[in-house]
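Everything on this sheet refers to the single structure shown next.
Read-outs: derived from the displayed coordinates by stated rules, not from any lab. In this text the structure is predicted, and so the values were computed from the model without any measurement. Cβ sites come from the backbone with ideal geometry, for glycine too, and all protein chains shown count toward neighbours.
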Amino acid sequence: MKQYALVIDHESCWGCKTCEVACKQENGAADGIKLIYVSEDGPKMVDGKPDFVFQVNVCQHCDDPPCADACTEEAITKREDGIVVMDYEQCTGCELCIEACPYDAIAFDPDKGIAQKCNLCHHRVDKGLLPACADNVCLAHCIFFGDPEEISKRINEPEVMTL
């Protein structure tokens with residue numbers, strides 16, 4: 001089975017948050033629920049100029065997801081392609097997965113009484129599409145999705161612009 005990876009070049013992120021908007025539109029997450037979010041650190045003065053550092057935070061789709069181990073309802077599973085998904089129908093809202101996640105990537109929706117996390121838009125991936133956050137919405141082009149080896153090649157090779 002083909003393996004997938006979501007890779008984010010944090011140094012290239014300039015904090016536009018279009019990934020957040022694309023995710024919210026695609027998944028219909030409730031107000032206050034972010035399945036991907038951009039945090040900001042700064043401004044700090046660097047060479048007399050203000051500098052910001054942005055960090056894109058999203059589920060890491062761990063090799064051995066602690067959230068899945070913590071879920072007593074087995075609502076969180078890891079697919080053969082590496083995508084860690086949460087079945088919202090099975091979630092009882094116990095919040096054990098939230099406590100277990102080392103990346104603060106699971107949110108609680110108090111209106112629905114369930115936990116929610118990035119499912120890597122598996123409904124899109126299964127149709128051969130990219131996750132919403134990686135589907136060419138990132139203005140800084142810092143979110144990559146696909147085969148881990150191919151992503152590594154794309155990131156490490158300098159882009160050549162032709163006219």
| How far apart, in nm, are two points set 7 Å out from the Cα along the Cα-to-Cβ line at E80 and at V53? | 4.1 nm
| field | Within the stretch 102-145: backbone nitrogen closer than 14 Å to the M1 label point (7 Å, Cα to C-beta) | value | 122-123, 126
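What net charge do the residues around C91 carry, taking every other residue with its C-beta under 12 Å from that of C91, with Lys and Arg at +1 and Asp and Glu at -1? Don't jump to the answer; show the numbers that get you there.
Details: positive: K112, K117; negative: E73, E74, D87, E89, E95, D109.
For residues surrounding C91, the net value is -4.
Within the chain, what's the longest run with no GluC sites (Glu not before Pro) in a DSSP loop and at most 10 other beta-carbon atoms within 10 Å? Give the range, please.
Numbers: sites that count: E74, E80, E89, E159.
By the stated rule (loop sites, at most 10 other Cβ atoms within 10 Å), 1-73.
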| Mind listing which trypsin sites (Lys or Arg not before Pro) in the stretch 1-66 are in a DSSP loop and have 15 or fewer other Cβ atoms within 10 Å? | K2
| remark: Cα-based Rg then Dmax for the chain, in Å, read 16.9, 56
| field | Counted charge near I76, where neighbours are those whose Cβ lies closer than 10 Å (Asp, Glu -1; Lys, Arg +1) | value | -2
| Projected label distance in nm at H141 and Q25, using a 7 Å step from Cα toward the beta-carbon | 2.0 nm
| remark: Rounded to the nearest 10, the angle in degrees between the Cα long axis of helix 18-27 and the longest principal axis of the Cα atoms of the chain comes to 30 degrees
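Below 13 angstrom from the Cβ of H10, what's the summed charge of the other residues (Lys, Arg +1; Asp, Glu -1)?
On the way: positive: none; negative: D9, E11, E40, D41.
Once positives and negatives cancel, what remains is -4.
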| note | Straight-line reach check, K117, cutoff 16 Å on alpha carbons, 8 or more apart in-chain or any other chain, hits among lysines -> K24, K34, K78
| How would you classify the stretch 1-40 from its alpha-carbon gyration tensor, with a ≥ b ≥ c the square roots of the eigenvalues: rounded for a/c under 1.5, else prolate if a/b is greater than b/c, otherwise oblate? | oblate
